[in-house]
Structure formats: C-alpha cells, structure tokens
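Here you go, one structure.
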Amino acid sequence: METVTRSTPPPVLERSEVFLIGSLRVEGLEASYGGRQILKGITMDIPAGAVTAVIGPSGCGKSTFVRCLNRLHEVVPGARVSGRVLLEGQDIYAPGVDPVVVRRRIGMVFQRPNPFPTMTIYQNVAAGLRVNGWDRRRTAEAVERSLRMAALWDEVKDRLHQPATGLSGGQQQRLCIARALAVEPDVLLMDEPTSALDPVSTLKIEELLIELRQRFTLVVVTHNMQQAARVADRTAFLLDGELVEFGPTAELFTMPRDRRTEDYITGRFG
Amino acid sequence: MEAGDRLRTVRGGVRQTAGGRTAYLGDQFFLWLTRFLALAILALLSLIFYEVIVASKPSLQRFGFGFLTSTEWDPVAERFGALPFIFGTVASSLIALILAVPLSLAVATFLVELAPWWLRGPAGVAVELLAAIPSVVYGLWGIFVLVPFLRSTVEPPLIRSLGFLPLFRGPAIGVGLLAAGVILAIMITPIITAVIREVLLTVPRHQREAMLALGATRWETIRLVVLPYGRAGILGGVILGLGRALGETMAVTMVIGNRPEIALSLFAPAYSMASVIANEFTEATSAIHLSALVEIALILFLVTILINILARLLIWRVSRAVPGAVRE
Amino acid sequence: MNAEARRLRWRRLASALALAGAAASTALALVPLISTVYFVLTRGLPALNLAFLTQLPRPVGETGGGVANAIVGSLVVVGLASLVSVPIGVGAGIYLSEFGRNRLGSLVRFVADVLTGVPSIVVGIFIYITVVLTMKRFSALAGGLALAVIMVPVVTRTTEEMLRLVPVTLREAGLALGAPYWRVVTGIVLRSARGGIITGIMLAIARVAGETAPLLLTSLSNNFWHRGITDQIATLPVIIFSYATTPYEDLNAKAWAASLVLLAMVLTMSLLARLFTGGRRVVWRR
C-alpha cells in the first residue's frame, strides 16, 4: 500500500501544499455489506482535474468504492463504511458532515441511464437546482450550459419540455451526465457509465470524458480496459477489495509492477 | 413462455411411451377441470349482475330515473327514491378519503422509506392488523367509544369555532356523517396503505439514488421522485379505498344515524345505501319495497364494479410494466 | 453558495419535519387498533365466563346465558364457506398459474380482483335471491354460500401467487421422471406451495369470519341450537350487531364479550397465518 501512495504523488499538492479544488484522498477505506467485507482498506490519492479509472474483475468492489466516495453506499440497508475520504483535506465521513452537502459537491452517474420518468428533459437537468432554490434565469442558463457540456444540447433543444423517456439509451445517459453537471459539482463519479450502451453512444461519452477532465475531478469505474486506456490519466486496479496497483495509465498497462495486474490486463483471469 | 406451455411440449415427446395415453387423458381432464373452475369465477360475477338486475326490475320500471333523484322513501305509500342514501354514501366516503388519503400516504412512506429497518416489519404487520378487525367490531367501538368522544370532545369546539359555516352547524349528537366518515377512514387506511406500500416498493433503487446523488434530502427525494414515480399506482390505491368505503355496511350502519335526510352539516345524521339494505331488507313486506332495496344494491354494485375496474387497471399498470424503464 | 447554505438549514428542517410527521401519522393510524383492542379486552373480559361460552342466550331481562350457539354457528357457516370455496379457488388458482397466461387467464384474474371489491351486502342480496327465495327459508347453507362467494376470488389469487413462486425447474424435474403433468402439479407443485396456500386460505377465513352484512340477509339468527344446515343459524358477527344496537346494558356487555371471542379467533388466525409462511409476505386482500 505504501508503494502506491509513494508512486503517485498528486503533483499539485507537492508543489503548493494547497488543496486543489476537487482533490480527493482516500485513507484506509473499508466497506462491508450484510456482514461481508467488500473493501479491505484502500488508500490512494485521486488527483484533481484528471480522469482516474478504476478497473478490476466483477465483484472486486470497484462499484462499492465509488459509492463510498459520495456516501451513497450507506443508504443501502446492511451497508457499513469506515476509514476516511478527504475532499480537499476535509473528511466527508467526519461526524456532523451532512451527506447532502457531500453529494452536492460530488456528483454521480450510474451504470444504467436513470432519468426521472415523470419529468421532462428540462426538469431532469434542473432537478438538483430546484432543491437548491436556484431562480428561473440561473436554472435556464445552467440547464443549457450543462446540456451543451454533455453534448446533448443540439439534439434536445427543440424538445426540452418533452418527457425524458423519449430519448434513446445513449441520449438518456448523456442527460444523466448533464443532470449531474448542472449542480456544478467538483468531482464526478461514474459507475460503468457506458456498460448499458451501444458502441456509438459509448464513443460519444468517452469523448465527453476527455473534454470534461479539465473542469472536474473524474473517477470512472469500468470493466473495459480499453476504455480505461483511452480516457484515463491514471488507473487503479482493484482485486478482491484491495488496491493492487495505482499509477499513470500508460505505465500500468505497459509496465505493471504487480504480477496480478499483469495477469489481469493480459486477460489471464477476470 | 409459461410453465404450462413449456411442459406441454416436453410431455408431447413422452406421450408415445407406455402409459402415455392415460397420462395424456389425465392431463386433458386436469386442464378442463381447472379451466371450468376458472370459468366459474366469470360466471359468478355475471350471475350476480343478472340476478340483481332481474330482481330490481319492478322498481326500475315503476320509478325509472326518478329513483335516483327522489328524496322520498315511504314504504307505506310505496314511494321510493334513493337520493338520501346516495348522498349519505358519497358524503361519508368523501370524508373518509379526505382523512385517509394523506394518512395512508404518510404511513406508507414511513414504512417503505423512513422507518428504521427493525421497525418496518412490525409496524407493517400492525397496520395490516387494522384491516383484520371485523367491520362489526369497529361498529361496536364506534357506538360506545368513537361517538361519545366526537359528541363530547370533537364536535362542541368545532361548532363553537367554525359554526358560522353550514358544514359545522347543528347539535353535537355524535352519530352522523362525521362518525361514519371517521370509521370508514379507519377501515380504508390499511387498504390504501397496503397498495401504496407495494407501489413504493416497485420504485427502483436507482431512482432514489439518482436524486440523492444530486444532493437532495430524503424528503426531497420522496416528494420529487419516489411519489411521482408511483403516482398511477397510488391513485389506484386511493380509488380502491373509495370502492371499499362505498360498499362498507356494518360499521357505517351502526354510527351514521340511519335517517334518510340530506343535510349540509357534518354532524347531521344520515343514511347510506348499504345501511338501508341491511336494516330494511329482512323486514320489507311489499314486493316493491324489496325491489327498491335491490335496485339500491344494483347501483352500489355497478358503481363499485366501475371503481374497482379503474383501480385495478391503474394498479396493474404499475405492477406489470414499470413506467419509463429503459428498454434494453 | 451562501444562499444555498442558508437554504440547506431549511431543507434539513423540512426533511426532519416530514420524517416526524410520517412517524406521527403511523402512530395515529394505529390508535384505533390499540383503542379497539383495549376496549374489547376491558369491556369484554368481565362479561366473559364459562357460561358465556357454553350456554344458549336467555330471554331479554334475564341475566346470564351465553352465545354458545353463535360460536358454533360461526364455525358451521365459515366451515361451509371453506368447503365450497377452497376447491373452486384452488382449482381456479391452478388454472391461472399453470395454464393462465392467455386472454382467458387475464380476464379471470381481472374479474377475480374486481369480485373482491363487490360489497358484501350485494353478495348477501345475490344469495338471498338465488338461495333463500328458492329454499323459501333463511339457512346456514345460504350464509355459507354467501361467505364462499366472498372467499373464492381471494383463495384463487393467493393460490395463483403461491404456485407462481414454485420454480419451473421443479416442475421439469417431476416431468423428467415421467410423471404426467397433472401428477406433477398436484403432487409436487401444490405440495411445495402448501404453506403459502394454507396461509391465504386462513387469511380469507379470518376475513369472512367477521362478515356480518351478508349473513343478515341469508342465515339471519337464532336463539337456539340450529337444526341442520337448512335451518337459520346464529353467528357471532350478527349477535354482536343485534346486541350492540339494543338499549340493554347487559346485552351491550355481551356484545363486547362476543367481540372479544370473534377478535381472538380472527387475530389468532391471521397472526398464525403469517407465522406459517415464515415471514414471507402474503398480500392481505379484502
């Protein structure tokens, strides 16, 4: 575990000793579900303004891992979390921290597109703004801005007030990305965002990720190693709830330090 | 493909083996027997409809549509109009809905979304036991507990403070529309709650999580996502509750006051359709009196059937196809 | 962000208030249950004694006596109802689960659901017209048939739901042994769904045991032991109704005691039914 932290110093921290907006540090994160331990003590720094991919065979805990980063794991009955997750140096699990505030700053996109079926396209994007009391003008601006960011604006600008369920699967997923972006989070977590989509939609979303990384800290869970190689600056390899290796993507794929990483990326298991 | 189809194909291959012939006949008999019993259910509903129509024919012919609008109910003069009973049934059911719907929504939401995990099971069973108490026992409780309570504690302050409204005027006698409405509300709350609970359980977890992940509170998630998602089923539950309230007999008979009058006051005694049947049916001497009572049953039957069809369609829509699900 | 932070305090408060409101509503909804059980116990117990359970009613004015005939009557009527409705309901339920994924199945399913919503007083009138008028007398049989009409759709739908829980693989395993389909269904499928079906039947019985309105029009009442099922018969719910609506305090007290007996029967039955399924949920249909 020490090798991991040593090998990946977030450049900014080292330079200035000041936390960059959206920087995350995970310390000794453990999570269990129904008494079964899923994450067995994970420590890593997630750099701000970059794409971090989390890969690993199914059941390795990568989904649980991102769900711990915005305190969503704990809403499931029987789920437990311990350890620390520091957002800009502040522990989001510290007593007194409201998960609502955490999730307001750390957005999430899910495996399957999950727009709210009773709302229009516009209302979907504005859902997070509505609860925060944004006025009409600011909301309208934010809706357009985030739909543009999600590369969906041109496709839906003429039917903003139609039900979101009329969109295709790929469009729905980009709508969900726009919905998450609208509240202007600092971190965006994505749990296998393309696993339910066709190749064309997948490509669009991958292009989007590369564009978005300038403005957000992105954590992308994927079961697809090519995807990680295409979009991620850094990649973490999880196995059985443990962080096996974490480093620059190119390095991890070309010169893995750990035997298990090598086995996994060469397709020997998983 | 359902189990039966699949298995019939399987069996088709076996049919030729020894004993296959009798097995085939046995299966045919079995299919027809169970189909016959299923058809019996259709026959039953049709037969109820038919018999009730035939028996109300004399009244239908003699009073026509006037039956629905006349307020006269005079067995001696043999003149019958159902309006006071229709009014009593509708008014008491509406009071029940006004009380029971918000309560059921809150209870179901609590049971599915908010209660601590250890409390959900026991609280759910307790609410279901509410539905297990027989109507006549609620009626007894109504006569000796609820009515005195309304008379002494609820109605006087309402009359004092809101008596300028016709709705709250009149003497506090306890029995009447309000008592009937309250007792109906108690009886339909578990029914509506049970449906809403089932509906809320069908709302996918990812819908809640999507809203939570945007930084919404639990209440905002429920109000903006969960309840809207289940709105069709919730409406179905409410309509189902209305159907039960309209047809409920004993508890209402025991507390509504049984006076065929139409008054605007919540505290006035009234009469319901089911109650007049229960009270007068076995004592009715003339054929036309009986027929008039059967016609009231016919109206009740038709209205509750329509309401139940509507409710079931709404509920089935939810349980069968989850609206807005991504097609894969 | 400052405005949002200020708003957040209000949002947290709203969420907490909603939670408290929902919890309070649940407590409020349970008040009638607790109150009813409390009054049935405190007013029923003093009037409850051996004579009450074993003797016939005495004429008004005389103290003592009991409702033994009504207890037996309730058992007889409910027994008759079960005897008629369980075979029909289970059979129709088998049809719906094993052969019913077609239009007829959907229709029967729908009609069964609608039938559960028909007011019981209407069912009472139906049986009055078809049975009481034909036999020219009120009878335990008519009462049983009325309750059976109410039970059939409930038993049908529960049976169907319970049979659907039995995995197809179990049916295939039976067929692989060379058993005909009807043997598989009656021998294997019904057996493994037995617990759930019994639960459904018990819940249906618990529900009709308290039915009053249809019995008023079919089995009426009786101050003596009934003489056969073609005789009119006293039942607990009807006794409770008639005793509750008299001005005599002695009879009012007996109504409470009879309610205690009825409630004990009904609640025991529905709680037992729940234990039977080992916590598995069976939808309470009314």
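The values are calculated or read from the model by the stated rules, or taken from the named source; none is laboratory data. Since the model is a prediction, treat every value here as computed from it, not as a measurement. Virtual Cβ from ideal backbone geometry, glycine too; neighbours counted across all protein chains shown. Areas reflect the complete protein model, heavy atoms only, side chains present, ligands, DNA and RNA absent. Shrake-Rupley method; radii C 1.70, N 1.55, O 1.52, S 1.80 Å.
Can you name the condition, by its number, that residue C:87 falls short on among (1) facing another protein chain (nearest Cβ under 8 Å); (2) more than 27 Å from residue B:130 (Cβ to Cβ); (3) crowded, with 22+ Cβ neighbours inside 10 Å?
The number of the failed condition is (3).
Given the condition more than 13 Å from every other protein chain (Cβ to nearest Cβ), open to solvent by 20 Å² or more (accessible area, probe 1.4 Å), at pLDDT below 95 and over 17 Å from residue C:32 (Cβ atoms), answer yes or no: does some residue in the stretch B:113-126 qualify?
Checking the stretch B:113-126: not a single residue is more than 13 Å from every other protein chain (Cβ to nearest Cβ), open to solvent by 20 Å² or more (accessible area, probe 1.4 Å), at pLDDT below 95 and over 17 Å from residue C:32 (Cβ atoms).
Check residue C:59 against each of (1) buried (at least 16 other Cβ atoms within 10 Å of the Cβ); (2) outside any helix (DSSP H, G or I) and name the one condition it does not meet.
Only one criterion is unmet by residue C:59, namely (1).
Of everything in the stretch C:151-170 that's β-branched (Val, Ile, Thr) and within 11 Å of another protein chain (Cβ to nearest Cβ), which residue is surrounded by the fewest Cβ atoms within 10 Å (Cβ to Cβ)?
C:169
Scan the stretch C:30-40 and give yes if some residue there is of a type outside the set (A, V, I, L, M, F, W, C) and assigned to a loop (DSSP other than H, G, I, E, B), otherwise no.
No.
Residues being within 14 Å of another protein chain (Cβ to nearest Cβ), of a type outside the set (D, E, K, R) and over 13 Å from the mean Cα position of the chain (by Cα): count how many of those fall in the stretch B:155-200.
Matching residues across the stretch B:155-200 total 8.
Take the residues in the stretch C:244-257 that are in contact with a Phe, Trp or Tyr (Cβ under 9 Å, 6 or more places away or on another chain) and facing chain B (nearest Cβ under 9 Å), then tell me which one is surrounded by the fewest Cβ atoms within 10 Å (Cβ to Cβ).
C:252
Go through the stretch A:217-248 residue by residue and tally those that are farther than 10 Å from residue A:55 by Cβ, under 18 Å from the mean Cα position of the chain (by Cα) and not aliphatic (A, V, I, L, M).
Qualifying residue count for the region: 9.
Another question, then. Could you count how many residues in the stretch C:13-34 are farther than 30 Å from residue A:100 by Cα and surrounded by fewer than 13 Cβ atoms within 10 Å (Cβ to Cβ)?
Looking only at that region, the number is 2.
So, one more: Limited to the stretch A:114-129, what total is found for residues that are open to solvent by 10 Å² or more (accessible area, probe 1.4 Å) and at the interface with chain B (Cβ under 7 Å from one of its Cβ atoms)?
Selection size over the stretch A:114-129: 2.
Is it the case that some residue within the stretch A:70-80 is open to solvent by 50 Å² or more (accessible area, probe 1.4 Å), closer than 21 Å to residue A:249 by Cβ and among the aliphatic types (A, V, I, L, M)?
Within the stretch A:70-80, not a single residue is open to solvent by 50 Å² or more (accessible area, probe 1.4 Å), closer than 21 Å to residue A:249 by Cβ and among the aliphatic types (A, V, I, L, M).
For the condition within 25 Å of residue B:41 (Cβ to Cβ) and either in contact with an Asp or Glu (Cβ under 7 Å, 6 or more places away or on another chain) or surrounded by 13 or more Cβ atoms within 10 Å (Cβ to Cβ) (or both), what is the one hit in C:41, C:115?
Result of the check over C:41, C:115: C:115.
All but one of (1) within 14 Å of chain B (Cβ to nearest Cβ); (2) part of a helix (DSSP H, G or I); (3) over 27 Å from residue A:267 (Cβ atoms) hold for residue A:133, so report the exception by its number.
(2)
On to the next question. Can you spot a residue in the stretch A:212-235 that is without any contact (Cβ under 8 Å) to a residue 12 or more places away in the chain and either under 20 Å from residue A:108 (Cβ atoms) or open to solvent by 60 Å² or more (accessible area, probe 1.4 Å) (or both)?
Among the residues of the stretch A:212-235, at least one is without any contact (Cβ under 8 Å) to a residue 12 or more places away in the chain and either under 20 Å from residue A:108 (Cβ atoms) or open to solvent by 60 Å² or more (accessible area, probe 1.4 Å) (or both), which makes the answer yes.
Please verify whether residue B:165 is open to solvent by 10 Å² or more (accessible area, probe 1.4 Å) and without any contact (Cβ under 8 Å) to a residue 40 or more places away in the chain, treating the condition exactly as stated.
Judged against the criteria, residue B:165 is a match.
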